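Notes to accompany the following structure.
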Amino acid sequence: MTAVATHSPARKVFSGLVKIRELGIIVALAALIIYTTTSQPRFLSAQSIRDILLNTAILAVMAAGQAVVVITRNIDLSVGSVLGISAFTVASMMSDNPGLPMIVALLVGLAVGALAGLLNGVLVRYGRVPALVVTLGTMYIFRGLIYSWAGGDQVNADELPGHFLQFANDSILGIPWLVLIALVVVGGVSLMMRNYRVGRELYAMGSSPGAAELAGIKVARNMLAAFIISGALAGLAGVLFASRFGTIDASAGNGYELNVVAAVVVGGVAVSGGSGTVWGAGLGALLLTVIGSALTVLDINQFWQQAIVGALIVLAICADRIVAVRIARSLRKRDSHV
Amino acid sequence: MSDASVSPRSFRGGLGKLASWDGIIILLTVVVIVAASLGVPNFGTSRNFTFLILDLMPIVLVALPMTLIIVTGEIDLSVASILGLASSLMGWFWNNGLSIETIIPLVIVIGAVLGAINGFLVNALGLPSLAVTIGTLALYRGLAFVVLGDGAVADFPFDYTGWVTGTIGGGSVPNVLIPIVALAIVFGIVLHATPFGRSLYAIGANDQAAHFAGIRVARTKFWLYVASGAVAALVGILWTLRYSSARADNGSGLELAVVAAVLLGGVSIFGGKGNLPGVLAGVVLLAALQNALRLQDVSGQALNIVTGTLLVLSVLLPNIVSSIRTSRQRRKLRQAATS
C-alpha cells in the first residue's frame, strides 16, 4: 500500500511532463508550418508535403534505432557511415545483378547494418570501451573502408535497375513505400520499447546500468540487441537512400549522425538514458526536416540549417535538464510530507 | 613495494610497471619513426620533418587543453568547429578591412567566448559535456558557414602566412614549433606542477570527493573549456595562415585525431589518469604514422581507418591487459586460498 502511494503520484508527475515534452514538439511543428504557410502558401502543396515526408522517412528510420541506443545510455555516432556502406553495397549489387528483387536489397542492407552494429556492440560490451569512443572510431573506419573500396567511383542512376529506383516513388494506397516503411519501423520499435519485456529492460539499463545487472537483466544480450537494431536500421536507411537518390558515391550519408542525434535529442530522448520515446524521436526527425524545407521556402540562407540543428540540440538538452530538476524537486517535496 | 626486492614475482611486477601504457607508446613512436626513416623514401629528410611538424601542429595544440579536459572526465567535441568558425571570422574581418593585428587577438577572444559557452552549459547548468559539445559542434560549424558561406578568403599578408610556413633561420625547424613548445610547457606546468593541475586529477577520479575536499569543481572545469576555445581559435588562425585560405570547413573532423591522440597517449577517457608527455608521444605517433602512409600514397580517407582503429585500440588494449591481470590475480588468490 505504501509502495503504491509513494510511486503513483511521482509517476503521474513524470508522465505528465513527458506528455508535455512531446506536445512541445507538436506545438513547435504546428507553429512553424502555420507561419511558413501564411507567408508562402506553396509550402503546403501536395508535392511539398510529399517531399517532406520522403525526406523525413530516411531520418526517422535511423532516429528510431538511435533512440533505442540512447535510451540505454549509449550513443551510436557511426550511423552515417553505416548508411554509406549499406547504400554503396546495395547499389553495386543491384547494378551488377539488375534482376534481384527489391526485398533482397532491403535484406542485404539490413544485414550489412546489423553486422556493423554487432561490431559496435561487442566492442562496447565486451571490450568495455565507451560507446562514444567505439562509434567515433568506427564512424571513421567504416567511412574509410567505403573510400578505399569505392575510391572516386560512383554508382549512377542509369546503372541501377528501374524497379529499384521506382521503389522510392511508388506508393501503396496513396502512401509512398518509404513513408510506410518509416511508419512501420517507428511504430514497431515504439511498441517494442513500450510494451515488451526487452524494451522495458532497455529502459531499466539506461536508468541504472548497475541496478539492471543486479536485477538479473541480461545486459550483454540486450546491449548487443540495441546496437544491432541501430546498425540494421541505418543499413535499411542506406537502401532507402540509394533508391531515392540513385547516385551513390563514397560520401553518402556523411555527417548524417549529427542530424540523427539531433532528431533523437530534440524528440525528447534524454542523453543520460532511461527516458524518452521512439515515436518522439520520429517527431524530432519530422521537425528537423520541416525546418529544412521551411528555410528553403522562406528563402533563408541554407547555411543556417546546421547552426539551427546545433542550437536545437543544446536547447533540447537544457529542456531535459529542467524537466529532470523539476521531477527531482517534486519528488523531494513529496518525501517531505511522508 | 615493487622495488629493491629480488624475488621473481616482484621483478615481474617491476617489469609490468616499466611497461606502462605511455612507456609503450613512447617506445612505439620511436620504432615507427626509425622504421619509417629506414623503410619509407623521403621520410627522414629535413624537408619532410618540416612538413611533419606543420601537420601535427593543429593536433598537438588542440590536444593540450583537451588532455586537461579529459583528465577531469569531460570531453570537448566542438574544438574543430571552433577552429572553423575562427577561420571564417578571420576571413570575414579581413574582408571588412580590419588589420591582421586586430583580427588575431579578436578571434582568440571570440574563441574563448565560444569555449565559455560550452563551459557554462556543462558546468553552470550541469549538462553532459558529450551531448553539449555535439550540439555546439553542429552550431559553431553552422555559424562558420553562415559567416563565410562556401567561399574562401585567400589574400592574407605574406608577412604572416610566410612566417607560419617558414622555418627558424631558414633551417629545417619550422617557426610554428615555437608556439607548440611554449604552450606545451605552459600546459605541462599547469597540469603537473600546480595545485590547479592536481585538482584536475582529483575531479577526474571522483568529482564529489573533490567537491568535499574544497575544490571548486564547476569553476575549474569552466576555465578549461575557455582555454580549449581560445587554443582552438589560435589554431584556426594558424591553419588559415598556413594554407592562406580562410574557409568554413577548415579543420573539420580534427576532433577525432585529437581525441585519438590524447587517448593513445594514455589518458583515460573515464578521467583521473594520464600525463602530457604521453599525449605528446601519442600525437607524434599518430602524425608520423599518417605522414609515412601518405608518403606511400595512401589516400587521406583511408588514413582515417588507421586513426579510427588506433582510437578504439587505445582504450580496448589497456582494458584487455587489465582484465587479464585481474583474472590472473584472482586465480593466484584462489590458489593461495586452496593451498
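Among the conditions (1) surrounded by fewer than 17 Cβ atoms within 10 Å (Cβ to Cβ); (2) closer than 14 Å to A:Val61 by Cα; (3) free of Cβ contacts under 8 Å to residues at least 24 places away in the same chain; (4) of a type outside the set (A, V, I, L, M), A:Asn169 misses just one, which is (2). When we screen A:Arg128, A:Arg143 for residues that are assigned to a loop (DSSP other than H, G, I, E, B) and at pLDDT 85 or above, the only hit is A:Arg128.
Any chance the range A:256-276 includes a residue that's touching a Leu at 6+ places or on another chain (Cβ under 9 Å), aliphatic (A, V, I, L, M), over 19 Å from A:Ser230 (Cα atoms) and in a helix (DSSP H, G or I)? No: zero hits. Would you mention how many residues in the range B:283-310 are in contact with a helix residue (DSSP H, G or I) (Cβ under 6 Å, 6 or more places away or on another chain) and farther than 20 Å from B:Val31 by Cβ? Final tally of qualifying residues: 5.
Rundown of residues vs (1) within 26 Å of B:Asp249 (Cβ to Cβ); (2) of a type outside the set (Val, Ile, Thr); (3) more than 25 Å from the chain's Cα centre (by Cα), yes/no style:
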| site | (1), (2), (3) |
| --- | --- |
| B:Gly135 | yes, yes, no |
| B:Tyr140 | yes, yes, no |
| B:Phe156 | yes, yes, yes |
| B:Pro174 | yes, yes, no |
| B:Pro179 | yes, yes, no |
| B:Val190 | no, no, no |
| B:Ala193 | no, yes, no |
| B:Gly214 | no, yes, yes |
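Do we have B:Val164 as buried (at least 18 other Cβ atoms within 10 Å of the Cβ), away from chain A (no Cβ under 14 Å) and either more than 30 Å from A:Ala263 (Cβ to Cβ) or of a type in the set (A, V, I, L, M, F, W, C) (or both) here? Here the answer is yes, as B:Val164 does meet what is asked. Look at the range A:17-35: where a residue is closer than 27 Å to A:Leu331 by Cβ and a partner is among the charged types (D, E, K, R) and modelled with pLDDT under 85, sitting 6+ places away or on another chain with Cβ atoms under 8 Å, you get A:Leu17/A:Arg326.
Here the condition is being touching a residue at least 24 places away in the same chain (Cβ under 8 Å), crowded, with 18+ Cβ neighbours inside 10 Å and out of contact with any Gly (no Cβ under 7 Å at 6 or more places or on another chain); of B:Val267, B:Val306, B:Val279, B:Val315, it holds for B:Val315 alone. In the range A:87-95 there is no residue matching the filter, namely being more than 17 Å from A:Asp249 (Cβ to Cβ) and either at pLDDT 85 or above or outside any helix (DSSP H, G or I) (or both). Taking the condition surrounded by fewer than 23 Cβ atoms within 10 Å (Cβ to Cβ), without any contact (Cβ under 8 Å) to a residue 24 or more places away in the chain, over 30 Å from B:Phe51 (Cα atoms) and of a type in the set (A, V, I, L, M), does B:Ala218 pass? No; evaluated as a whole, the condition is false for this residue.
Among the numbered conditions (1) within 14 Å of chain A (Cβ to nearest Cβ); (2) within 30 Å of B:Ile110 (Cβ to Cβ); (3) more than 13 Å from the chain's Cα centre (by Cα), the only one that B:Val226 does not meet is (1). Of the numbered criteria (1) at pLDDT below 90; (2) within 13 Å of chain A (Cβ to nearest Cβ), the one B:Leu263 fails is (1). A:Arg321 meets each of the listed conditions (1) facing another protein chain (nearest Cβ under 9 Å); (2) of a type outside the set (Val, Ile, Thr); (3) in contact with a helix residue (DSSP H, G or I) (Cβ under 6 Å, 6 or more places away or on another chain) apart from (3).
Quick check on my filter: what residues within the range B:101-112 are under 26 Å from A:Ile317 (Cα atoms) and within 20 Å of the chain's Cα centre (by Cα)?
The initial filter retains those residues of the range B:101-112 that are under 26 Å from A:Ile317 (Cα atoms), namely B:110-112.
The answer is B:Gly111, B:Ala112.
Please verify whether B:Ala227 is on the phi < 0 side of the Ramachandran plot, surrounded by 17 or more Cβ atoms within 10 Å (Cβ to Cβ) and not in a loop (DSSP other than H, G, I, E, B), treating the condition exactly as stated. When the stated conditions are applied, B:Ala227 passes them.
Among the residues examined, B:Phe145 does not qualify as among the aromatic types (Phe, Trp, Tyr) and away from chain A (no Cβ under 11 Å).
The condition of being more than 11 Å from chain B (Cβ to nearest Cβ) and without any contact (Cβ under 8 Å) to a residue 60 or more places away in the chain holds for A:Gly162.
If you go through the range B:238-253 one residue at a time, do you hit one that is within 14 Å of another protein chain (Cβ to nearest Cβ), part of a loop (DSSP other than H, G, I, E, B) and within 15 Å of the chain's Cα centre (by Cα)? Yes, the range B:238-253 contains at least one residue that is within 14 Å of another protein chain (Cβ to nearest Cβ), part of a loop (DSSP other than H, G, I, E, B) and within 15 Å of the chain's Cα centre (by Cα).
Kindly provide the set of residues from the range B:250-264 that are aliphatic (A, V, I, L, M) and buried (at least 22 other Cβ atoms within 10 Å of the Cβ), ordered by number. Full working, then the answer.
First pass over the range B:250-264, keeping only residues aliphatic (A, V, I, L, M): B:254, B:256-264.
Once the filter is applied, which keeps residues that are aliphatic (A, V, I, L, M) and buried (at least 22 other Cβ atoms within 10 Å of the Cβ), the range B:250-264 yields B:Ala257, B:Val258, B:Val259, B:Ala260, B:Ala261, B:Val262, B:Leu263, B:Leu264.
Restricting attention to the range A:142-149, does a residue exist that is under 21 Å from A:Asp249 (Cα atoms), surrounded by fewer than 19 Cβ atoms within 10 Å (Cβ to Cβ) and touching a helix residue (DSSP H, G or I) at 6+ places or on another chain (Cβ under 9 Å)? Yes; the residues of the range A:142-149 include at least one that is under 21 Å from A:Asp249 (Cα atoms), surrounded by fewer than 19 Cβ atoms within 10 Å (Cβ to Cβ) and touching a helix residue (DSSP H, G or I) at 6+ places or on another chain (Cβ under 9 Å). If a residue has to be surrounded by fewer than 16 Cβ atoms within 10 Å (Cβ to Cβ), more than 10 Å from chain A (Cβ to nearest Cβ) and closer than 22 Å to A:Ser272 by Cα to count, how many in the range B:104-130 make the cut? Of the residues in that region, 1 qualify. Summed over the range B:276-325, the residues that are facing chain A (nearest Cβ under 9 Å) and not in a helix (DSSP H, G or I) give a count of 2.
Would it be correct to say that A:Leu119 is over 12 Å from B:Thr309 (Cα atoms), more than 7 Å from every other protein chain (Cβ to nearest Cβ) and touching a helix residue (DSSP H, G or I) at 6+ places or on another chain (Cβ under 9 Å)? It would help to see each step written out before you state the result.
Numbers: over 12 Å from B:Thr309 (Cα atoms): yes; more than 7 Å from every other protein chain (Cβ to nearest Cβ): yes; touching a helix residue (DSSP H, G or I) at 6+ places or on another chain (Cβ under 9 Å): yes.
Taking the combined requirement at face value, the residue satisfies it.
Just the residues that are touching a residue at least 24 places away in the same chain (Cβ under 8 Å) and within 13 Å of another protein chain (Cβ to nearest Cβ), please, taken from the range A:277-305.
To start, the set of residues in the range A:277-305 that are touching a residue at least 24 places away in the same chain (Cβ under 8 Å) comprises A:277-294, A:297-298.
Of everything in the range A:277-305, those that are touching a residue at least 24 places away in the same chain (Cβ under 8 Å) and within 13 Å of another protein chain (Cβ to nearest Cβ) turn out to be A:Leu288, A:Ile291, A:Gly292.
Scanning the range A:186-219 for residues that are part of a helix (DSSP H, G or I), of a type in the set (Gly, Ala, Ser) and surrounded by fewer than 14 Cβ atoms within 10 Å (Cβ to Cβ) yields A:Gly188, A:Gly210, A:Ala211. Looking only at residues in the range A:150-161 that are in a helix (DSSP H, G or I) and under 27 Å from the mean Cα position of the chain (by Cα), the one that is surrounded by the fewest Cβ atoms within 10 Å (Cβ to Cβ) is A:Ala157. In the range A:224-270, of all residues being farther than 21 Å from A:Ala87 by Cβ and surrounded by fewer than 24 Cβ atoms within 10 Å (Cβ to Cβ), the one that is farthest from the other protein chains (Cβ to nearest Cβ) corresponds to A:Ala225.
Test of understanding: among A:Asn74, A:Asn120, which residue is part of a loop (DSSP other than H, G, I, E, B) and farther than 30 Å from A:Leu165 by Cα? So that I can check it myself, show each step before the final result.
On the way: A:Asn120 fails: part of a loop (DSSP other than H, G, I, E, B).
Being part of a loop (DSSP other than H, G, I, E, B) and farther than 30 Å from A:Leu165 by Cα holds for just one of A:Asn74, A:Asn120, which is A:Asn74.
The values are calculated or read from the model by the stated rules, or taken from the named source; none is laboratory data. Source: prediction; values computed, not measured. Neighbour counts are summed over all protein chains in view; Cβ atoms, including those assigned to glycine, are modelled from backbone coordinates with ideal geometry.
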